[in-house]
Amino acid sequence: MNDWHSTLLKDLESQLAELERFGDDEAARRALEILREKIRQVRGRIYEQITPWQRIKLARHENRPYSLDLIERLITDFEEIHGDRKYADDPAVITGFGWFRTRPVVVVGQQKGRNLAERQHRNFGMMQPEGYRKALRTMRLAEKFRKPILTFIDTPGAFPGIGAEERGQAEAIAYNLREMARLRVPIIVSVIGEGGSGGALGIGVGDRILMLENAVYSVISPESCSAILWKDQGHAEAAARNLGLTSPDLKRLGIIDEIVPEPPGGAHTDWEATARALGDAVERHLTELLALPVDGLPLSRTEKFRRMGAVEPVTSS
């Protein structure tokens, strides 16, 4: 980010805090509004220039809205479903039924946790095999009752522990990929923070894939990529530049369908505005999908994913 703009932003925010503490007359209120508008403009200039590595930091920001924060703002009468009916409940993923505006929907969202205790409980948003099975169990209920599915992706990746591997982590993710492709209900996927590898893909097969402006979506984290290529994590920023993990990169490559703009400064600055923007995008795509015959959804969804990653042959001179 531009250092001058960053310094200016800090100065303006300090002035704003001071004025909010001591100013309570009409002149102070006018000055507050002018300051807030200046802050919005400076934030906009800053975030027009951010690098892929800086977007990753925004995607991981501790105050960024998580799945439950968006569910609270987008879904009414939400009833959570627990357990995979085989082994256990996985708190890293939230599933359940509710109403999105005027429509009944099924929701699946990865949840990181807001403080240390919650993060440990939620396993930092890293799902285990029972989480993927719980998600699929819920999505099959959606198909049974003909309800569209909304998924919210926000995970550094699937949990790589020995126990998860012993219980079939890779198989659970692969099974979800196949079964989600076959579901005869609309599926809208929203990448709201980190979209990490197969951990994200396990709930990421959809008819439409939306992505918040400063979210990231990649086959591997920059730190892990750096560790593999350079044998240490010190080149994570360089890896981020080359992974093509930002929303503009993925839109250009045809991996996602729409970039949802965030408020100036990032989603963490205004949860309500972020939820409204995402909700409007979801509603628009859902209206289009509900007008299509459900029998055709599995084929079009499969073809959508087959088109991803197309390459052009290179001929030698």
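Only the coordinates and a few stated rules stand behind these numbers; no lab work does. Note that this is a predicted model, so its numbers are computed, not measured. Ideal geometry is used to build each Cβ from the backbone, glycine not excepted, and the neighbour counts take in all protein chains shown.
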Legend entry - Reachable lysines from Lys38, criterion Cα separation under 22 angstrom, eight or more residues apart if same chain: Lys10
Legend entry - Glu258 long-range amide H proximity, modeled H, under 5 Å: Ile209, Met211
Legend entry - Estimated dipole of the chain in Debye, rounded to 20 [Cβ of Lys and Arg +1, of Asp and Glu -1, Cα centre]: 960
Legend entry - Listed peptides 248-260, 197-209 by packing density, highest first (mean Cβ within 10 Å): 197-209, 248-260
Inset, instruction - Could you order peptides 86-98, 125-137 by the average number of other Cβ atoms within 10 Å of their residues, highest first? - result: 125-137, 86-98
Inset, instruction - Arrange the peptides 288-301, 210-223, 143-156 so that the one whose residues have, on average, the most other Cβ atoms within 10 Å appears first. - result: 210-223, 143-156, 288-301
Inset, instruction - Calculate the length of the line joining the C-alpha centroid of region 56-119 to that of region 256-301, in whole Å. - result: 16
Inset, instruction - Enter the angle in degrees (range 0 to 90, nearest 10) between the Cα long axis of helix 271-290 and the first principal axis of the Cα atoms of the chain, meaning the one along which they spread out most. - result: 40
Inset, instruction - Using only the Cα atoms of region 241-317, build the gyration tensor, take square roots of its eigenvalues as a ≥ b ≥ c, and label the shape rounded, prolate or oblate: rounded if a/c is under 1.5, else prolate if a/b is larger than b/c, else oblate. - result: oblate
Inset, instruction - Classify region 55-306 as rounded, prolate or oblate from the Cα gyration tensor: take a ≥ b ≥ c as the square roots of its eigenvalues, call it rounded if a/c is under 1.5, otherwise prolate when a/b beats b/c and oblate if not. - result: rounded
Inset, instruction - Give Lys57/Lys147; Lys112/Lys134; Lys57/Lys231; Lys147/Lys304; Lys231/Lys304; Lys86/Lys251 a once-over and call out the pairs whose C-alpha atoms are over 28 Å from each other. - result: Lys57/Lys147; Lys231/Lys304; Lys86/Lys251
Legend entry - For the chain, calculated [θ]222 nm from helices alone, where every DSSP H run of n ≥ 4 adds -39500 (n - 2.57): -15500 deg cm²/dmol
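Given a Förster radius of 35 Å and the C-beta distance between Leu299 and Glu166 as r, what FRET efficiency does 1/(1 + (r/R0)^6) yield to the nearest 0.05?
Calculated value: 0.45.
Taking neighbour Cβ counts within 10 Å as the exposure measure, how do Lys112, Lys231 sort from fewest upward?
So the ranking, lowest neighbour count to highest, is Lys231, Lys112.
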Inset, instruction - Describe numerically, in nm with one decimal, the distance between label points set 7 Å from Cα along Cα→Cβ at Arg36 and at Glu237. - result: 3.5
Legend entry - Computed label-point distance, nm, for sites Arg276 and Glu258 using a 7 Å Cα→Cβ extension: 1.6
Legend entry - Cα shape, region 124-176, gyration tensor, a/c 1.5 rule: oblate
